[in-house]
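Okay, so here's the structure we're looking at.
Readers should treat all values here as calculations from the given coordinates under stated rules, not as data from a laboratory. Since the model is a prediction, treat every value here as computed from it, not as a measurement. All Cβ positions, even for glycine, are placed from backbone atoms using ideal geometry, and neighbour counts span all protein chains on display.
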Amino acid sequence: MEFEENNFFHERDDLFKTFLDNTHDMLFILKIADNGVDIVYANDTAKNKLGYSLKEMNDLGIENFRKPLLNSGSFSEHIENLKSKGIETDYATLTCKDKTEFPIEVNAKIIHHDNVDYNVAVVRDITDRLDYETQLEKEIESKTKKLNENIHQLKSYKDAMDENSIVTISDPQGKIKYANDKFYEICGFEKDEVIGKNHNIVRHPDVPKEVFTDMWNTIQSKKIWRGKLKNLTKDGRTYVVQAVIVPVLDDNEEISEYIATRYEITDIVNKQEKIENLLITDGLTGLYNRFHLNETIHSAGSNASIALIDINSFHEINDFYGDEIGDKVIVKLSNILSKRLKNNYKLFHLSGDEFIVFNDGIERDIFIAEMIDVNNLLNTKTLTINDKTFYLNTTVVLSFEAQDNLIPSVHLAKTFAKQNGLNFNIYTNENPLEKEYKSNLTWSNRIKQAINDDRITVFFQPIVDTNTQEIIKYESLVRMISIDNEIISPYFFLDKAKKSNQYNKITQIVIDKTLDAMTKYGIKCSINLTIEDIQNEQTKYYVYEKFEEFDRCEDIALELVESEGIENFDEVNEFITTIKSYGCKVAIDDFGTGYSNFEYLLKLNADTIKIDGSLIKEIDENQDHYDIVKTIVSFAKIKNLKVVAEFVSSESIHEKIKELNIDYSQGYLFSEPKPME
């Protein structure tokens, strides 16, 4: 059978074919048929490497010049795996025409074209990779041996070391008296910039002060110091050296000078870091993996804690859309978490749909609050992949147990949360189920008692004109006051109130106390309502009744907040139409996350949008957030909507808000939430 590559490429550009033929990797295209596999294309790199023509390869048969590497399967098994998965990484050994062999890594993908399946394979020679660690060890051993030989031949250091080593000689105070040509070549300084100076001119800020303290104490005690140092060149480039500093003694056994010899190991260190990074990172997300999590926990302090983030029903995405889409969901989620958590925590991807946030320094209450915020953020996120929209639903659980019990306990907490329909849970060392029942009962009683004692109250946070900082109105925010007069955030009791059927009563109290404050102080107010409130008949008609009796409804704005999104727009729009008939305004809260996107906004007859605080609080440092907010503001102006920026906590953020011409601002820069008194 004749195989004409040009026939296969007859509709393709010659330039593209030239590019494929000259790539560093070997490229193959195989036609998969019921009766076998034919190679329809092999680039020049492949043919030159193997020594076979395309016809010779097909005459010989793939199985005759390919054999599995280690535990990798046969070629027919590889094809079957590829058919089922669509994409496959395989390892094998290829035999050249001259009988030499080399190991390969194959990244293959199924392509469907004109009702025919093709296996497109990118093949890479991994001989160097497999020899990598051995070569590194030999190289380091060789360099170290050479350095030790130089030290033993100190009297002849000038001729022996100048060729390969970086050498400096310093006086007893550490001032440089001599530097060889290699030193100037590497660091980029001139002689008059070095002589008489100390080694701080090449000191890298990343090296801890303790290293230099140890070095100085060692050589001043007339001992040889050995170590690895990171240095800076004159133009700011980083290089790494293996250094030996030897104190030279005079006839009185006093230090007369120091001789420092170094050899550059930057390439070795970089290669070693790459290998180490491969061992501790997850191949899909680039995050740390389970192996590194175990090491991190083992070496952590006694105050370490972790949070487990689990995507609920993730298996449904894999089952329905396939592993490729599922992997993309995982990658996007890892990017969201990395951006949100920044460098405050270590983030790990365990497997499938589980992530671990490792904390070893942030206070317990702050960690809990941040993980609540992360969970709320994730539960309002929508991901678009291949024109498909996915709504995230996550469960977050925390453990503050001892190191050896962190992983088991956090998984127990997750199991308990799943069994009980919780999206947030903290492990305790008592029986989890019993403890949770006690917790729910305790909170139920606390909430009930707080309602009876009139300790459910509202705090007010001003919303100001961005330019004049004049207070325009206030947002009413629910709080619970404990019997010890402590202020309790709604994060800790609203979910418990829902479980104990006391949530509707709290909503009614908020409405009553907000309207009373408006009457008493003559203020304008925003009141938060969730989609759950609107869908609850009792709460909805309570709102209608109260607003019919209130004579200043034009001073009220209802802010719609919801983490689950809107499913019945007709029901929501009916509610909006009714309250607007009383003169009320409508604001969409947390715009930019969850259901609050442009498409949904067009379906709601809103007057104001409140931009989500997660976009605002980093707008002075994050260009992406700035661009998103700019787009939202432009859209709002076109639709004649007022815009409120939440989480304005600093002057730099405030300046960005003014720059974007946002109408109103809200945040701790102006005031934290307080009682109106």
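The stretch between residue 551 and residue 63, if pulled fully straight at 0.36 nm per residue, gains 167.0 nm over its current Cα-Cα span.
The long axis of helix 209-220 is offset from the longest Cα principal axis of the chain by roughly 40 degrees. The distance separating the Cα centre of the stretch 89-120 from that of the stretch 616-675 comes to 54 Å.
Once the Cα-Cα distance is subtracted from the 0.36 nm per residue extended length, the residue 491 to residue 316 segment shows a gain of 60.1 nm. Modelled spin-label separation between residue 250 and residue 639, with each label point placed 7 Å from Cα along the Cα-to-Cβ direction: 8.4 nm. The simple spin-label model puts a point 7 Å past each Cα toward its Cβ; for residue 451 and residue 206 those points are separated by 5.8 nm. Loop-resident chymotrypsin sites (Phe, Trp or Tyr not before Pro) (DSSP state other than H, G, I, E or B) in the stretch 16-65 with no more than 14 further Cβ atoms inside 10 Å of their Cβ are absent. Quick one: grab the alpha carbon gyration tensor of the stretch 248-306, order the square roots of its eigenvalues as a ≥ b ≥ c, and give me rounded if a/c is under 1.5, else prolate or oblate depending on whether a/b is larger than b/c. Since a/c reaches 1.5 but b/c is at least a/b, the shape of the stretch 248-306 is classed as oblate.
Determine the alpha carbon to alpha carbon distance for each of 138/234; 145/182; 617/658; 99/271; 498/674; 146/228 and list only those over 23 Å. From the list (138/234; 145/182; 617/658; 99/271; 498/674; 146/228), the Cα-Cα distance tops 23 Å for 138/234; 99/271; 498/674.
I'm spelling it out carefully: the read-out is P(r) over Cα pairs in 20 Å bins from 0, in percent, the candidates are (i) 14, 32, 29, 13, 8, 3, 0, 0; (ii) 17, 48, 31, 3; (iii) 13, 32, 31, 21, 3, 0, and one was derived from this structure. Which label? Computed from the coordinates, P(r) over Cα pairs in 20 Å bins from 0, in percent corresponds to (iii). What do you get for GluC sites (Glu not before Pro) in the stretch 326-385 restricted to DSSP loop and a cutoff of at most 12 other Cβ within 10 Å of the site's Cβ? Here the GluC sites (Glu not before Pro) that fit, given the DSSP loop and packing criteria, are 363.
Only lysine pairs 8 or more places apart, or on different chains, with alpha-carbon atoms under 26 angstrom apart are counted in the stretch 284-429, and they number 23. The GluC sites (Glu not before Pro) of the stretch 488-572 that meet both conditions, a loop assignment by DSSP and at most 14 other Cβ atoms within 10 Å of the site Cβ, are 564, 567. Each listed q (0.26 Å⁻¹) maps to a log10 I(q)/I(0) for the stretch 293-364 from the Debye sum over equal C-alpha point scatterers, namely -1.18. Gain on full extension, evaluated as 0.36 nm per residue between residue 415 and residue 18 minus their Cα-Cα distance, stands at 137.3 nm.
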